[in-house]
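Quick notes on the structure that follows.
The values are calculated or read from the model by the stated rules, or taken from the named source; none is laboratory data. Because the structure is a prediction, the values reported are computed rather than measured. Backbone-built Cβ (ideal geometry, glycine too); neighbour counts: all protein chains shown. When the accessible area is computed, the model is the full protein with side chains, heavy atoms only, and any ligands, DNA or RNA have been set aside. Shrake-Rupley method; radii C 1.70, N 1.55, O 1.52, S 1.80 Å.
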Amino acid sequence: MSRITLLWFRRDLRLDDNPALIHALTTGAPIVPVYIHAPDEEAPWTPGAASRWWLHGSLLALDASLQRFGSRLWIARGDSLTELRRIVAATGATGVSWNRLYDPATRERDTHIKQALRSDGLRCESHRSTLLFEPWEIASQTRSASKTGQPYRVFSAFWRACVRELSGIRPDPAPESLPAGFAPVDGLTVDDLGLLPTIPWDQGLRATWTPGESAALARATAFLDARIGAYSVARDRPDAPGTSRLSPHLHFGEISPRRLLAMILDRFGDPAADPAESFVRELGWREFSYHLLYHFPRTPVEPLDPRFADFPWRTEGVAERLDAWQRGRTGIPLVDAGMRELWHTGWMHNRVRMVAASLLTKNLRLPWQVGARWFWDTLVDADLASNTQGWQWTAGCGADAAPYFRVFNPVRQGERFDPDGGYVRRWCPELARLPNQYIHQPWTAPPPILMAADIRLGCHYPLPIVDLATSRQEALAAWGTIKGNRPNPPVTEFE
Ligand SMILES: Cc1cc2nc3c(=O)[nH]c(=O)nc-3n(C[C@H](O)[C@H](O)[C@H](O)COP(=O)(O)OP(=O)(O)OC[C@H]3O[C@@H](n4cnc5c(N)ncnc54)[C@H](O)[C@@H]3O)c2cc1C
């Protein structure tokens, strides 16, 4: 009897540490690697334009790797179950193997597909590959979570429980060969999927990124070789390349967090000690985001803190404010630099993501869901778990969130984390000639200084669309209407 297995690739676009692949290999029979393009099945979170751009490159890279093994990717488009059944019929496969996803839409779809294929008499296996820990493992296995086994809502407790298990993690190596290939009968090409933009707005993405497993491994190696030592301090500086920029590679599964952890263990021993600790902790935030999404699947649209369901978001002037924020024309340099970096490269530094999200949700008082949507369409690393968690954290309505009354001050943030203004000058070149003293608040510069720097505010660069101090007070007042009976917290500002 045929033991051919379909290996259904999704967001695990690699051969290394790929449990579904390892499982498929155990039969010794041919493997048929399959990718099915079915964006509607991820609705309402169908991949955005920047994600589609990345996916195109990542699929090409995966197909090239498979071809080196004498195999190739069978690409299809349409309803996933129908396509899987069609390829099963064409190949005589008796099993389907895949790695799990955790967002609500694909979870529901995959459960249905597993039941349907099993009722067709096929072997059907799903595996862990995206995370260090399954989202349910930590809550259910550790005593400190909660006596009732509830999910964690506080990162530090969640991460303490994870850290105990880190040293036991071992990735699977990439296979040295694949059993004889199986030529796709009627497969599509990656180009056929139409993932690239028809209007070529993607020059910045092309200049910044190389999708694919080899590029992911090279980036991880370069980061661990040269930059991890300075990471704990440099990670907050948007003006220098202090972070790994592995987020899109991790999102598309071009490198596994287990492989990253193993590379760290090999180099430094204990991942919970310097110099790796602060970097591994960020991988922990990724795990925590998935933990939250898994246990609270409504959070991409609903605040975890139910009080925020009644928050008085702004209703007038919404379109103009949102437009200025999206286009990097708020008149607040650090935010504008971040929004332009996002538009140009599909990525934004984490600190600037927090500042830009704080300006939108607090000073401009627009709903966090609106910002999350924009990020979803423009980020190459758009990830439902991390994006939801990042937005809810900043808006103050999520788990272990920055409380709403903490409002990032974008001027102070700029002065602290971009002290020489290099980041602002790069992305807002019209401000480049301003002295450091004014680079984060050009509206305070005396007219002769503006003239000497060739800037007319309101013409070359906008005046701030919002007064930071007044809007902060208004945000606090709005928060006062929903905060319930809790005692007044000290009114502080995020420095
Ligand atoms: C409003 C907002 C939206 C965000 N949206 C996303 C998103 O859609 N996709 C995404 O991957 N990250 C998101 N983040 C988290 C974070 O900004 C990015 O993961 C980080 O900037 C990626 O850069 P890096 O790879 O250089 O990170 P590094 O600092 O090198 O960190 C290593 C890895 O850890 C993970 N990580 C780091 N910080 C976080 C975090 N705060 N939360 C979850 N995981 C983290 C990422 O996978 C990252 O690649 C968001 C943060 C905020 C505040």
Query raised in the report: With a ≥ b ≥ c the root eigenvalues of the C-alpha gyration tensor of the chain, is it rounded (a/c under 1.5), prolate (a/b larger than b/c) or oblate?
Result: prolate
**Report entry** Approximate spin-label separation residue 320-residue 68, in nm, with each point projected 7 Å along Cα-to-Cβ
**Finding:** 5.6
Report task. Out of all DSSP beta bridges with both ends in the chain, state the antiparallel percent to the nearest 5. Result -> 5
Query - 1.4 Å probe accessible area per residue over the range 146-287, in Å² - result: 48
**Report entry** Cα radius of gyration and Dmax for the range 295-358 (Å)
**Finding:** 14.2, 39
Requested in this report: Pop out the ³J(HN,Hα) list for the range 14-24 in order, Karplus 6.51 cos²θ - 1.76 cosθ + 1.60 with θ = phi - 60°, rounded to Hz; leave Gly and Pro as x.
Outcome: 8, 9, 6, 6, 10, x, 5, 5, 4, 5, 4
Query raised in the report: Can you put 8, 374 in order of accessible area, largest first, using a 1.4 Å probe?
Result: 374, 8
Query raised in the report: Can you give the calculated 222 nm mean residue ellipticity of the chain, where each DSSP H run of n ≥ 4 adds -39,500 (n - 2.57) and the sum is split over every residue, rounded to the nearest 500 deg cm²/dmol?
Result: -13000 deg cm²/dmol
Query raised in the report: Which part of the range 237-274 falls in the paramagnetic zone of residue 42, meaning amide N under 11 Å from the point 7 Å along Cα-to-beta-carbon?
Result: 251-253
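Is the range 5-129 best put as rounded, prolate or oblate by its Cα gyration tensor, with a ≥ b ≥ c the root eigenvalues, rounded for a/c under 1.5, and otherwise prolate when a/b is larger than b/c, oblate when not?
On the way: a/c = 1.56, a/b = 1.10, b/c = 1.42.
Oblate shape, in that a/c is at least 1.5 and b/c is the bigger or equal ratio.
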Requested in this report: Could you work out how far helix 80-91 tilts from the main Cα principal axis of the chain, as a 0 to 90 degree angle to the nearest 10?
Outcome: 30
Report task. Collect residues whose amide H, placed 1.01 Å from N in the peptide plane, falls under 5 Å from the amide H of residue 76; neighbours closer than 5 in sequence don't count. Result -> 35, 36, 37, 188
Requested in this report: Under 13 Å from the Cβ of residue 23, count the other residues' Cβ atoms, weight Lys and Arg +1, Asp and Glu -1, and hand me the total.
Outcome: 0
Report summary line: If R0 = 35 Å, then residue 90 and residue 210, at their Cβ-Cβ distance, give a FRET efficiency to the nearest 0.05 of 0.55
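Suppose accessible area is computed on protein heavy atoms with a 1.4 Å probe; arrange 405, 158 from highest to lowest.
405, 158
Considering only protein heavy atoms, what per residue accessible area in square angstrom results for the range 5-129 with a 1.4 angstrom probe?
34
Between residue 114 and residue 483, what is the FRET efficiency for a Förster distance of 60 Å, r being their Cβ-Cβ separation, to the nearest 0.05?
It comes out at approximately 0.85.
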Requested in this report: Subtract the Cα-Cα distance of residue 444 and residue 473 from 0.36 nm times their separation in residues, and report this length gain in nm to one decimal.
Outcome: 8.4 nm
Report summary line: Mean accessible area per residue over the range 329-449 (1.4 angstrom probe, all protein chains present, square angstrom) is 29
**Report entry** Sulfur and carbon atoms: percent of accessible area, the chain [1.4 Å]
**Finding:** 53
